[in-house]
Amino acid sequence: MGHDRKSAVVLICLALFVFVNAWRIPRAALQYEIGAGIFPMFLATILGFLSILLFITAGKKSKSLEDAPEEAASVQSDVEKIQEPIANRVKRIVKGLVVLGVYLVLLPYLGFIIDTILFGIGYLMLLYGFRFLKTLVPAVAMAVLGFLIFEIALRIPLPMFMETFR
Amino acid sequence: MDGLEQLFYGFSIALTPMNLLWALIGVTVGTIIGVLPGVGPVTGIAVLLPLTFGRDPASALILLAGIYYGAMYGGSTTSILANIPGESSSVMTAVEGYELAKKGRGGAALGIAAFGSFIAGTVGLVLLGFLAPTMAKLAIKFGPPEYFTLMTLSFTLVAALSTNNIIKGLISTVIGLMVSTIGIDRLTGEARFTFGVIGLMDGIEFVVVAIGLFAVAEILCNLEVMQIPITQLKKFKVRELLPSKSDWKESIFPILRGSLVGFGIGCLPGGGATIGTFITYGIEKAISKTKEKFGTGHMPAVAAVESSNNGSAAGGFIPLLTLGIPAGGSTAVLLGGFMLLGISPGPTLFQLHPDVVWGLIASMYIGNVMLLILNLPLISLFMQILRLPYAVMSLFICVLSVLGIYSLSNSLFSLWIMLLFGVLGYVMRKLDFPLPPLLLGTILGGMMEEALRQSLSLSEGSWLIFFQRPISLTLSAIFCIVTAFQVYHIIKHGAYKERESDEA
């Protein structure tokens, strides 16, 4: 099953999920009052219909890529990407998400400045292979710049060390 | 107040020292965003939107609009000199401009692009100044049924014109509309799709969606492909950037044609700059006496597509200001900016907030002059930004995104939602689902639902109301024709079209 068909199946499930949940929303009290569930049900129906259409038409392409230089270029770049094993690319994406996730988790505990410096170092070393010393200047600059713009210039209070927020 | 008087009033607002400063900051930041590969205008405006909180609405919008058309200008520089289109609307500029640069005419190509953009921007703004109030007067007759059919038609047009797969474009829109329904319903007080999570009760802010979908997803996509560093960048003197007499002679009409075509396409929902540049290129090639020169580095082609690019930037403001309906991704984020500042774009905008709307239009004239002054002598300086490693640039975008969302909500929950939308945006990009329609759906979902429910209340539950009033009947008829054509196209040829998705 191709990507489009798999997407269509997931989207049909989403449409059903939204429809069922919208159906459970209590109806309007007055006869001609429009309830809160109407619009989501309307959307779920359209999504279901479109997903079925996507499933049916999946994989059908109208013209050759020779006539479409832009698509040809995108396919070419995809071919270049494929040269690297997919596992490596997925690993980098997951690593990126983990680094960003850890940054968010530690933000209320370490505060903006310390957390951003650590994030900058980790981000550049783990994701882009920078050496430790080379990461220091951009990481510190980023933290100081962010602090100056938001805390000083715009007067938006940023989380500080050991200060928790909602 | 009418006509010129309104414009002079706008200038009196735009020419205050503070607003001049905001315009200058906007166009400078916009140009930098345009120059940076992988940071389109949508990402740029979305990430910088939180910086406008608490500002005076006129100043904030002057800044955002400056970023928008500054990015349009900046895109040409990297396209011509390094063959890197900063955004999809600069693809045709790169095709012709880079060939000219290889022939040693890069400086003149940059010059004609800057002058062409300036002329197109000015033509577009004159048209905007005259057409927008007329459109607003017409739009004032719109009631809920007209608004609902107009939004339905706009979404369909966006899906049909701005993506390479109509069905995926529509699915993206519907998902965006679904996102807008999360939270407590304003009319009945019922919680929808919150699943007991308190953080979802207030709904999901569009800025969180925009930054997640565009900035975070962009960073994730770029983690897959390491960027190639740019090393050979030529420095230019201002004299080298001035086009010759013959360049002007052969480019002036393409500039004017490009300006008008770009403006016209820009006005259409889903039109966007990319389609405008492709159509302009096609027209120029079709009417040219020297067709063989196209694709080999042709000055009039660069002039025409760059003019079209900037003409459409001005055109995009017509549906935005008069109907409150954005023409594409960038104007969708701008619409969100209006809403965050407590201003609802639409037919009454010209009456309720003349200072904002005319100040904005006048600032665009001023911004155009600033861009011309900035772009010619400072091109070499802007190009130095390309020497900055992408890793550092993406780190900057990450931190700015987190700070932006934090300053908006003061909540860690919103940051996780941003990350979630980042993953969604990445997956959707991988699966070829366009992102701008999702954002458009999220922003306009509330308005659309309100229009639908008000219409059904008016008609006591009958859906026939959308076919009974003249304007909504006309819009419904156009919607039916467009949809029927698309369904026929899908059944006969499949869902794909020969075009890349448009983020502009």
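Working carefully through the options B:LEU381, B:LEU371, B:LEU386, find the one that is under 30 Å from B:ALA82 (Cα atoms) and crowded, with 24+ Cβ neighbours inside 10 Å. Exactly one residue qualifies, and that residue is B:LEU371. For the range B:191-204, the count of residues that are part of a helix (DSSP H, G or I), more than 12 Å from chain A (Cβ to nearest Cβ) and touching a residue at least 12 places away in the same chain (Cβ under 8 Å) is at least one. Residue pairs whose Cβ atoms lie under 7 Å apart, separated by 6 or more positions or on different chains, with the first residue in the range B:452-478 and at the interface with another protein chain (Cβ under 9 Å from one of its Cβ atoms) and the second outside any helix (DSSP H, G or I), are B:ARG453/A:ILE34; B:ARG453/B:LEU187; B:LEU456/A:ILE34; B:SER457/A:TYR32; B:SER457/A:GLU33; B:SER457/A:ILE34; B:GLU460/A:TYR32; B:GLY461/A:TYR32. Kindly evaluate B:TYR406 against the criterion of being modelled with pLDDT of 90 or more and crowded, with 22+ Cβ neighbours inside 10 Å. The answer is no for B:TYR406. Scanning the range B:431-447 for residues that are at the interface with chain A (Cβ under 8 Å from one of its Cβ atoms) and in a helix (DSSP H, G or I) turns up nothing. Here B:GLU218 fulfils each of the conditions (1) more than 20 Å from the chain's Cα centre (by Cα); (2) modelled with pLDDT under 85; (3) closer than 16 Å to B:LEU424 by Cβ apart from (1).
Of the helices (runs of 4 or more DSSP H) lying entirely inside the range B:348-413, those carrying at least 1 residues that are touching a Lys or Arg at 6+ places or on another chain (Cβ under 6 Å) and not aromatic (Phe, Trp, Tyr) are B:354-384. Filtering the range B:402-428 to residues that are under 17 Å from B:VAL179 (Cβ atoms), within 12 Å of chain A (Cβ to nearest Cβ) and not hydrophobic (A, V, I, L, M, F, W, C) leaves B:SER409, B:SER414, B:GLY422, B:TYR426.
Just one of the listed residues (A:VAL94, A:VAL144, A:VAL137) is among the hydrophobic types (A, V, I, L, M, F, W, C), more than 7 Å from chain B (Cβ to nearest Cβ) and closer than 19 Å to B:VAL225 by Cα, and it is A:VAL94. Would you check if there is a residue in the range B:328-350 being surrounded by fewer than 24 Cβ atoms within 10 Å (Cβ to Cβ), without any contact (Cβ under 8 Å) to a residue 24 or more places away in the chain and of a type outside the set (Asp, Glu)? Yes, the range B:328-350 contains a residue that is surrounded by fewer than 24 Cβ atoms within 10 Å (Cβ to Cβ), without any contact (Cβ under 8 Å) to a residue 24 or more places away in the chain and of a type outside the set (Asp, Glu).
The values are calculated or read from the model by the stated rules, or taken from the named source; none is laboratory data. All values reported here derive from a predicted model rather than from experimental measurement. Methodologically, a virtual Cβ is constructed for each residue, glycine included, from the backbone with ideal geometry; neighbour enumeration extends over all protein chains shown.
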